[in-house]
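*Asks:* Encoded as structure tokens, here's the structure I'll be asking about.
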Amino acid sequence: MQRPTCRPAIESIVTAWALAMLCITAPAARGEAPPRPNILWLSCEDISPHLGCYGDPHAITPHVDQLAHEGVRYTHAFTTAGVCAPCRSGIITGLYQTTLGTHHMRCTATLPDFIKPFPVYLRRAGYYCTNKSKTDYQFKHPRETWDAAKGKKAHWRKRPNKDQPFFAVFNFTGCHESGIANLSKYRSVTSILTPGQRQDAAKLTTFPPYYPDTPVTREDWKRNYELITAMDAWVGDLIGQLKDDGLYENTIIFFWSDHGIGLPRAKRWLYDSGTHIPLIVRIPQQYRAAKGPAPNQGRPGSVTDQLVSSIDLGPTVLRLAGLDIPEHVQGQPFLGRDLGRPRKFVYGARDRMDERYDIIRMVRGKRFKYIRNYEPLKTFYQYMNTPEKGATMRELRRLHEKRKLSPEAEQFFAGRKPVEELYDCQADPHELNNLAADKNYHSRLVSMRAVHRKWVRETGDLGLVPEGIITERTRTLGNSYAILRQEGGKQINLLLSDMAAKASSGHKALSDLIEGFSATDAAVRYWAATGIGNVAFAKSAAVSATLKNKSRQVATRGLDDRSAAVRIASARALCHLGQPGPALPVLINELKTANQWERLQAAIVLDEIDEQARPVLEQMRVGLEYQQGFNSNGKYRVRVMNRALNELEGTNRKVN
């Protein structure tokens, strides 16, 4: 019997060693591109740029400051929403949440198969991708998105091949608004701080003028700083791990926040307090692009005012990894080779926040910001359960009731919002002086209004489609993205954006609104009915008796519309036209029988019409029985109905 030989095995080992050495030495020797970079994301929740490197005098953030010293600090980075899940859906796909149908807080959208989270493309190209452990995207992401997305396995150290490039995401949740509002969580997160890292609330000089300056609100402001210091220690630990593994000079590091500070008039809002975020990127020497429109990008200690949107983060990672960017992606890379023209504007959207709708859109240039309020008859501070639990919100309401708020704080309790807002963010960083009515800024207003309208049309703004209609059409089409992209969708999109704008344009648009009831698309008819209700609410003396009569006629016909959303909007219009009699039975019926989002819509109208709802008070109480057993989204209707009943009855029914 012939003895086996080990020669083939030895030859394989030698060959493998030679190939490995060639891979290591060839790029440097031949002047070729370096190996593909590792990419690390350090993301945190609910913080504005309250960091030392951004010039904040109270911040204690040595590790983030050092990262900025070694990298690039972006002064004009913004998220597409002032709240986590909608903007995270945009970050992971590179598309606006209003394009995807992920714009409402706590919704579940269905995406077409060709839209993938960008880590899918990285994994296909050989990257090891992990996320520890936030996957709050509002759609079911495919299994191929991550190699690991939970627990200890979600770490670059767990990749089976240590030479494999990685994309690793780590998320710090300790800065979340609950860390400010919840004393137990705040104490837990900040337990690592030394006495020297604690703040004196009375000495903080960065306190915003739109909050009352009291010990209660200063305590919240202090907690924010201390939570950020705890976050900074977390950053230092992960960077330390990277260095311990000998990967620091092979890894591009991004540090960013999902949106602004978790306090009223910031989180959920489109002011800079809610959308302006810190963004720092450290690029090791070997990965800095030396040619093209952005030479010397990544130069240590540099600062740039380039406009960056949160939907640009994913495309930038793909470009740095040397991958193509899918054509459907709306974000654009701001680092790497072959960059296009820098942005002139970034865009943002606010839609349903938990139990309350408020459709607002934003266009932000380097200096000026334009805001369009599509529902201006709603107050700034609608009553929402989650923010109402916070000490700052309670203090705002307490002092408002006592008429002791400053003018800067009191303006957000106005009964309605302006249709348009325009701010010079350089001269007015807190965005308190609305220039929309200033003749000196008229041309700026007109130009930014046009930019906004163009964005709405080009991106297919699903926020203008009532949520109940989105649910129905998604069931038919298979995904929400297709709603404004199906056959005939382009024309519907144009009509929809036009009618939605007219709905808040006042009595001069009333004839067009009446005509809008004849539209074939239910979403267009919804805005026509909403607009008639808005005009009636304003009680303009300029509206003729003939137009008032036509308004009542079309609103009455709208009670029998095929769409529940239109029926509810028509009932609202009739209530504001002084005819609640035929409207109330419709609202109660929809509250009991429509889909979950139209039930919420009906509840909101019953809350809005106040005393006109008193004749159906008993049915409203019974209506709660139809809602208590629903899933987590059902609690939103319960909250609104409880709020409406509390105000009508003068009680304090518990709002869960």
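The values are calculated or read from the model by the stated rules, or taken from the named source; none is laboratory data. Computed from a predicted structure; not experimentally measured. Quick reminder, even Gly has a Cβ in these numbers, built from the backbone with ideal geometry, and neighbours come from all protein chains shown. Surface accessibility is based on the protein's heavy atoms, side chains included, excluding ligands, DNA and RNA. Shrake-Rupley method; radii C 1.70, N 1.55, O 1.52, S 1.80 Å.
*Asks:* Just to be sure I understand the model, the point goes 7 Å from the Cα along the line to the Cβ. What's the resulting Phe380 to Glu249 distance in nm?
*Replies:* 5.2
*Asks:* Now a separate question. Subtracting the Cα-Cα distance from 0.36 nm times the residue separation, let me have the gained length for Arg198 to Asp512 in nm, one decimal. Provide the component values of the computation, followed by the final result.
*Replies:* Values: separation 314, 0.36 × 314 = 113.04 nm, distance 5.92 nm.
Gain in length upon complete extension: 107.1 nm.
*Asks:* Of all the accessible heavy-atom surface of the range 368-484, with the other protein chains kept in place and a 1.4 Å probe, what percent is carbon and sulfur?
*Replies:* Numbers: 2580 of 5290 Å².
Carbon plus sulfur share of accessible area: 49 percent.
*Asks:* Here's something else I'd like to know. Going from most exposed to least, what order do Ile325, Ile252 have by accessible area with a 1.4 Å probe? Don't skip to the answer; put the middle values down first.
*Replies:* Working: Ile325 40, Ile252 0 Å².
In descending accessible area the options line up as Ile325, Ile252.
*Asks:* Testing the spin-label approximation: label points 7 Å from Cα along Cα→Cβ at Asp610 and Asn182. State their distance in nm.
*Replies:* 3.6
*Asks:* Considering only DSSP beta bridges where both residues belong to the chain, give the percentage that are antiparallel (nearest 5).
*Replies:* Here the antiparallel bridges make up roughly 50 percent for the chain.
*Asks:* I need the Kirkwood Rh of the range 261-363: take the reciprocal of the average 1/r across all distinct C-alpha pairs and report it in angstrom. Don't skip to the end; give the middle numbers.
*Replies:* Details: mean 1/r = 0.0638 Å⁻¹.
Result for the range 261-363, one decimal place: 15.7 Å.
*Asks:* ³J(HN,Hα) across the range 584-598 via Karplus (A = 6.51, B = -1.76, C = 1.60, θ = phi - 60°), whole Hz, x for Gly/Pro?
*Replies:* Per residue, the Karplus-derived 3J(HN,Hα) values read 4, x, 5, 4, 5, 5, 5, 4, 9, 10, 6, 6, 4, 7, 6 Hz.
*Asks:* Jot down the radius of gyration and Dmax of the range 72-195, Cα atoms only, both in angstrom.
*Replies:* Answer for the range 72-195, Rg first and Dmax second: 16.7, 52 Å.
*Asks:* Here is a follow-up. Which three extents, in whole angstrom, do the alpha-carbon atoms of the range 519-592 cover along their principal axes, largest first?
*Replies:* Principal-axis extents of the Cα atoms in the range 519-592, largest first: 37, 27, 17 Å.
*Asks:* Under a cut-off of 26 Å between alpha-carbon atoms, report the lysines in cross-link reach of Lys158, not counting same-chain residues fewer than 8 places apart.
*Replies:* Lys116, Lys132, Lys134, Lys140, Lys150, Lys243
*Asks:* A follow-up question, please. Which parts of the range 94-115 would a label at Glu144 reach, counting a residue when its backbone N lies under 14 Å from a point 7 Å out along Cα-to-Cβ?
*Replies:* 113-115
*Asks:* Treating the beta-carbon of each Lys and Arg as +1 and of each Asp and Glu as -1, no other charges, what is the dipole magnitude of the range 216-340 about its Cα centre, to the nearest 20 debye? It would help to have the intermediate numbers written out before the result.
*Replies:* Details: 13 positive and 15 negative charges, 59 e Å.
Value, rounded to 20: 280 debye.
*Asks:* Write out the trypsin sites (Lys or Arg not before Pro) in the range 269-377 meeting two conditions: DSSP loop, and at most 13 other Cβ atoms within 10 Å of their Cβ.
*Replies:* On the way: sites: Arg282, Arg288, Lys291, Arg319, Arg337, Arg343, Lys344, Arg350, Arg352, Arg356, Arg361, Arg364, Lys366, Arg367, Lys369, Arg372; in loops: Arg288, Lys291, Arg337, Arg343, Lys344, Arg352, Lys366, Arg367.
In loop regions of the range 269-377 (DSSP not H, G, I, E or B), the sparsely surrounded trypsin sites (Lys or Arg not before Pro) are Lys291, Lys344, Arg367.
*Asks:* A further question follows. Once amide H atoms are placed 1.01 Å from N in the peptide plane, what residues at a sequence separation of 5 or more from Phe172, or on another chain, have their amide H within under 5 Å of its amide H?
*Replies:* Amide H to amide H, under 5 Å and 5 or more residues apart or across chains, Phe172 pairs with Ser43, Cys44, Glu45.
*Asks:* Right, another one. Specify which residue in the list Leu279, Gly298, Val308 is farthest towards the positive end of the charge dipole of the range 259-358, using unit charges on the beta carbon of Lys, Arg (+1) and Asp, Glu (-1), about the Cα centre.
*Replies:* Gly298
*Asks:* Continuing with the same structure: Based solely on C-alpha atoms, express the radius of gyration and the Dmax of the range 198-309 in angstrom.
*Replies:* For the range 198-309, the Cα radius of gyration and maximum Cα-Cα distance read 18.0, 53 Å.
*Asks:* Could you give the angle, 0 to 90 degrees to the nearest 10, between helix 522-538's Cα long axis and the longest principal axis of the Cα atoms of the chain?
*Replies:* In the chain, helix 522-538 runs at an angle near 60 degrees to the longest axis.
*Asks:* How much length is gained on full extension from Arg453 to Ser191, taking 0.36 nm per residue of separation minus their Cα-Cα distance?
*Replies:* Working: separation 262, 0.36 × 262 = 94.32 nm, distance 4.84 nm.
So the chain would gain 89.5 nm between Arg453 and Ser191.
*Asks:* Place a label point 7 angstrom from the Cα of Thr476 along the Cα-to-Cβ direction, then list the residues of the range 496-527 whose backbone nitrogen is under 14 Å away.
*Replies:* 520-525
*Asks:* Please give the length that would be gained between Glu410 and Ala437 if that part of the chain were fully extended, namely 0.36 nm times their separation in residues minus their C-alpha to C-alpha distance (nm, one decimal).
*Replies:* Values: separation 27, 0.36 × 27 = 9.72 nm, distance 1.99 nm.
Contour length minus the Cα-Cα distance gives 7.7 nm.
*Asks:* Would you be so kind as to identify which of Asn549, Tyr121, Ala321 lies farthest towards the positive end of the dipole of the chain, taking Lys and Arg as +1 and Asp and Glu as -1 on Cβ and the Cα centre as origin?
*Replies:* My answer, from the dipole projection, is Tyr121.
*Asks:* Could you state how much accessible area Trp146 has, in square angstrom rounded to the nearest 10, with a 1.4 Å probe and all protein chains kept in place?
*Replies:* 20
*Asks:* May I ask for the equivalent-ellipsoid semi-axes of the range 341-386, computed as the square root of five times each C-alpha gyration tensor eigenvalue and listed largest first in whole Å? Working shown, then result.
*Replies:* Numbers: eigenvalues 135, 25, 13 Å².
Each semi-axis is √(5λ); the values are 26, 11, 8 Å.
*Asks:* Determine which aspartates and glutamates satisfy two conditions relative to Lys162: a Cα distance under 13 Å, and not lying fewer than 8 residues away in the same chain.
*Replies:* Asp245
*Asks:* I've got another one for you. Write down, largest first, the equivalent ellipsoid semi-axes of the range 305-419 in whole Å, where each equals the square root of 5 times an eigenvalue of the alpha-carbon gyration tensor.
*Replies:* On the way: eigenvalues 296, 47, 38 Å².
Each semi-axis is √(5λ); the values are 38, 15, 14 Å.
*Asks:* For the range 429-560, what number of Lys pairs, 8 or more residues apart or on separate chains, have alpha-carbon atoms under 28 Å from each other?
*Replies:* 17
*Asks:* Taking all pairs of different Cα atoms in the range 152-209, averaging 1/r and flipping that mean, what Kirkwood radius in angstroms comes out? Can you show the working numbers first?
*Replies:* On the way: mean 1/r = 0.0658 Å⁻¹.
Value: 15.2 Å, from the Cα pair sum.
*Asks:* Another question, if that's okay. Going by average Cβ density within 10 Å per residue, which order do the peptides 124-135, 191-202, 610-621 take, highest to lowest? Display every interim value, and only then the final one.
*Replies:* Details: 124-135: 18.5, 191-202: 11.4, 610-621: 15.2.
Per-residue mean Cβ counts within 10 Å order the peptides as 124-135, 610-621, 191-202.
*Asks:* Oh, and also: Run down the aspartates and glutamates and flag those whose C-alpha is under 16 Å from the C-alpha of Lys222, throwing out any fewer than 8 positions away in its chain.
*Replies:* Lys222 reaches Asp46, Asp56, Glu177, Asp200, Asp213, Asp232, Glu395.
*Asks:* Here is a follow-up. Computed over the Cα atoms of the chain, what is the convex hull's projected area averaged over all directions, in nm²?
*Replies:* Working: hull surface 143.1 nm².
Computing the convex hull of the Cα atoms and averaging its projections yields 35.8 nm².
*Asks:* Something else: Quick one: how many Å² of Asp324 are accessible to a 1.4 Å probe, rounded to 10?
*Replies:* Here the residue's solvent-accessible area equals roughly 140 Å².
*Asks:* If I model a spin label at Lys402 and Ala538 as a point 7 Å from the Cα along the Cα→Cβ vector, what separation in nanometres do I get?
*Replies:* 3.7
*Asks:* Which Cα, out of Leu399, Ala436, Tyr526, lies furthest along the positive dipole direction of the range 385-529 (beta carbon charges, K/R +1, D/E -1)?
*Replies:* Looking along the dipole axis, the top candidate is Leu399.
*Asks:* As a test of understanding, state the convex hull volume per residue of the range 408-532 from its alpha carbons, in Å³.
*Replies:* Working: hull volume 18.1 nm³, N = 125.
Cα-based convex hull of the range 408-532, divided per residue, equals 145 Å³.
*Asks:* Angle check, please: helix 634-649 long axis (alpha carbons) against the longest principal axis of the chain (alpha carbons), in degrees 0 to 90, nearest 10.
*Replies:* The answer is roughly 40 degrees.
*Asks:* Compute the helix-to-body angle for 489-502: its Cα long axis versus the longest principal axis of the chain, expressed 0 to 90° and rounded to tens.
*Replies:* It works out to around 60 degrees.
*Asks:* Based on the mean of other Cβ atoms within 10 Å per residue, sort peptides 43-56, 559-572 so the most packed one is first. Mind dumping the intermediate values first?
*Replies:* Values: 43-56: 21.4, 559-572: 23.8.
So the peptides 43-56, 559-572, ranked by packing, come out 559-572, 43-56.
*Asks:* In addition: May I ask you to give the solvent-accessible area per residue for the chain, in square angstrom, as obtained with a 1.4 angstrom probe? Don't skip to the answer; put the middle values down first.
*Replies:* On the way: 27720 Å² over 656 residues.
It amounts to 42 Å² per residue over the chain.
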